[in-house]
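Q: Dumping the structure here so I can ask a few things about it.
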Amino acid sequence: MLGYLFAYNIINRSSQAVPQNKLTPVTPALWSSRFVFIMAAVGSAVGLGNIWKFPYITGENGGGAFVLVYLVCIAIIGLPLMMSEVMLGRRGAKSPIGSMAVVAKAEGRSPHWVGVGIMATLAAFLILSFYSVIAGWTMPYIVSAVSGQFSGISAQSTGALFEDLLASPWQLLMWHSLFMGLTILVSAGGVRHGLENAVTKLMPALFVLLLILVGYAATTGHFGEAVSFLFKPNFSALTAESILVALGHAFFTLSLASGAMMAYGAYLPKNVSIARTAVVVGVMDTCVALLAGLAIFPIVFAHGLAAGEGPGLIFVTLPVAFGQMPGGSFFATLFFVLLLFAAWTSSISMLESLVSYLNEKGISRVTAAIGGGLAAWLVGITTLLSLNVWSDFTPLDMFARFEGKTLFDLYDYLTANIMMPVVALLIALFVGWKVNPEHSKAELGAWHKVWFPVIRYLSPIALLIVFYFNLK
Ligand code: PFF
């Protein structure tokens, strides 16, 4: 796989030696089929958000009621928004910034709408900076799994292992750098080929492995407890803030409000149904998150661990399960390798918002990928330090909402709870009120009838209600 990516990168570099007219925008190559687009979009959507973040925020926010709100957010805001973004991307056929400019102009609207593309690209950049640090954690876990370190390990020992990793800035820096390097590599080589190959084989493998893990979790004797934790709503555990977290996560997990889906939509052939494709992507992404929950919580309960453990949840619980199951080292290796790949296919799509924009501005793909990736890598170092050396640095303590939040917590909060919902609201208002419905109908076909009232009224109202209760 890696060899293939290197080879591809080199071939592509040599093809870029041919000078290009900087003023002519490069027509994006189209995905080779609907299936490949679905796989690329699923590759972007399925990542740490599903397997790392969903279980831990569900644990922190009390389970069932949170999951229900999250599912509602996916259905009434996430899916219509995904259709909107793919539609805007396909119509504009440019970077998220470029596509917003093109469509706003075509609709005779203010050029300021381009600001939505800029904010989305900024959100993607910021997410990439910390995403790479977390994705880096999977690598030492692969090393431990291969060396059989998990066999028979206790929950205390996995906790200590995780703490040791976080306490070591140099180790974190090494893995963060390696992961960002991998992201830059595919991005520089041209997303389509590198990604097509990766996602069409690895995504199905991850799915099967999760099913195996759920099968194992079902034997722990705590499966019923996990099912009721995940699916029996206890509304007393729900706060206005947890609703905002569920909403933010709906965007994060579907790669929305950050340009990724718009950037990929630009490569989507005209004859593909946007709505059907979005539904497939949304359903697959949700299934992976729920499967991850069903694999993890039985183990959490079986070992008396805390559901609200926080970001370390899967890194502390899953090795215990692997350590006890037959063939555990093999499955553990496979799991962390697949998680690494899932994160990789997501991070590539994050970088794509910025790279496609810089590319439009005449900067070569290789330079744009390296420049954008290195900048995100630098910002990522501040996340990495906030896990250890700067763990007491909580610069926004003067605001009650941000009290006690480290830089990493702040980046996460800023992107998922502020930037993404704002971008989402603006996109809903744009396509619902500023784009001529006849034009969106031409893109969405029969689905327009359902999509239009939802994106015009329901999604913005739901978003405004969540904002209102959070700002109150
Ligand atoms: N959807 C990815 C995940 O769940 O891990 C995260 C993500 C990818 C967010 C791409 C934003 C983005 F543009």
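Q: Placing unit charges on C-beta atoms (Lys and Arg positive, Asp and Glu negative, everything else neutral), compute the dipole magnitude of the range 154-306 about its Cα centre in debye, rounded to 20.
A: Dipole size: approximately 560 debye.
Q: Also, I was wondering about something else. Apply the a/c threshold of 1.5 to the C-alpha gyration tensor of the range 353-427 and tell me whether it is rounded, prolate or oblate.
A: oblate
Q: Let me ask you something else. Compute the acute angle (0 to 90°) between the alpha-carbon long axis of helix 459-471 and the principal axis of greatest extent of the alpha-carbon atoms of the chain; round to the nearest 10°.
A: Once rounded, one gets 50 degrees.
Q: According to the Cα gyration tensor, what semi-axes, each the square root of 5 times an eigenvalue, does the equivalent ellipsoid of the range 174-286 have, listed from largest to smallest in whole Å?
A: 31, 21, 18
Q: In addition: Quick one: dipole size for the chain, taken about the Cα centre, charges +1 on Lys/Arg Cβ and -1 on Asp/Glu Cβ, in debye to the nearest 20. All intermediate terms of the calculation are to be shown ahead of the outcome.
A: Numbers: 23 positive and 19 negative charges, 351 e Å.
Computed charge dipole of the chain: roughly 1680 debye.
Q: Now for a separate question. From the phi angles alone, apply the Karplus equation (6.51, -1.76, 1.60; θ = phi - 60°) to the range 30-41 and give each ³J(HN,Hα) in whole Hz, x where the residue is Gly or Pro.
A: In residue order, the calculated couplings are 8, 4, 6, 6, 4, 4, 5, 4, 4, 5, 5, 5 Hz.
Q: Moving on to the next point. Convert each backbone phi in the range 372-387 into a coupling constant with the Karplus relation 6.51 cos²θ - 1.76 cosθ + 1.60 (shift: θ = phi - 60°), then list the ³J(HN,Hα) values in order as whole Hz, x for Gly and Pro.
A: Result, ordered by residue: x, x, 5, 5, 5, 4, 4, 4, x, 4, 5, 5, 4, 6, 5, 7 Hz.
Q: Rank D285, D392 by accessible area, highest first, at a 1.4 Å probe radius?
A: D392, D285
Q: Could I ask something else about it? From the phi angles alone, apply the Karplus equation (6.51, -1.76, 1.60; θ = phi - 60°) to the range 99-116 and give each ³J(HN,Hα) in whole Hz, x where the residue is Gly or Pro.
A: Running phi through 6.51 cos²θ - 1.76 cosθ + 1.60 with θ = phi - 60° gives 5, 4, 5, 5, 5, 4, 5, 4, 8, x, 9, 4, x, 5, 4, 4, x, 5 Hz.
Q: Given a 1.4 Å probe and the protein chains all in place, what does the accessible area of W447 round to, in Å² to the nearest 10?
A: We get 100 Å² for W447.
Q: Keeping all protein chains in position, work out how much accessible area K434 exposes to a 1.4 Å probe, and write it in Å² to the nearest 10.
A: Roughly 70 Å² of K434 is accessible to a 1.4 Å probe.
Q: Given the rule -39500 (n - 2.57) for each run of at least 4 DSSP H residues, summed and divided by the residues of the chain, what is its mean residue ellipticity at 222 nm, to the nearest 500 deg cm²/dmol?
A: Helix contribution divided over all residues of the chain: -23000 deg cm²/dmol.
Q: Order M174, M82, most accessible first, counting only protein heavy atoms with a 1.4 angstrom probe. Before the final figure, lay out the partial values.
A: Numbers: M174 105, M82 5 Å².
So, going from the largest accessible area down, we get M174, M82.
Q: Just how much of T333 is accessible, in Å², when a 1.4 Å probe is used and the result is rounded to the nearest 10?
A: 30 Å²
Q: Please state the relative contact order of the range 108-199 as a whole percent: Cα pairs under 8 Å, 6+ residues apart?
A: 36 percent
Q: Taking 8 Å as the Cα distance limit and 6 or more residues as the minimum spacing, I'd like the relative contact order of the chain as a percentage. Walk me through the numbers before you get to the answer.
A: Numbers: 757 pairs, mean separation 159.7, N = 472.
Here the relative contact order equals 34 percent.
Q: Heavy atoms only, 1.4 Å probe, whole protein assembly: order I212, I296 by accessible area, highest first.
A: Accessible-area ranking of I212, I296, largest first: I212, I296.
Q: Another question about this same structure. How long are the three semi-axes of the equivalent ellipsoid of the chain, in whole Å, if each is the root of 5 times an eigenvalue of the C-alpha gyration tensor, listed from largest down?
A: Equivalent ellipsoid of the chain: 34, 26, 21 Å, largest first.
The values are calculated or read from the model by the stated rules, or taken from the named source; none is laboratory data. These numbers come from a predicted model, not from an experiment. Neighbour counts run over all protein chains shown; Cβ positions are idealised from the backbone, glycine included. Protein only, heavy atoms only, side chains kept; ligands, DNA and RNA dropped before computing areas. Shrake-Rupley method; radii C 1.70, N 1.55, O 1.52, S 1.80 Å.
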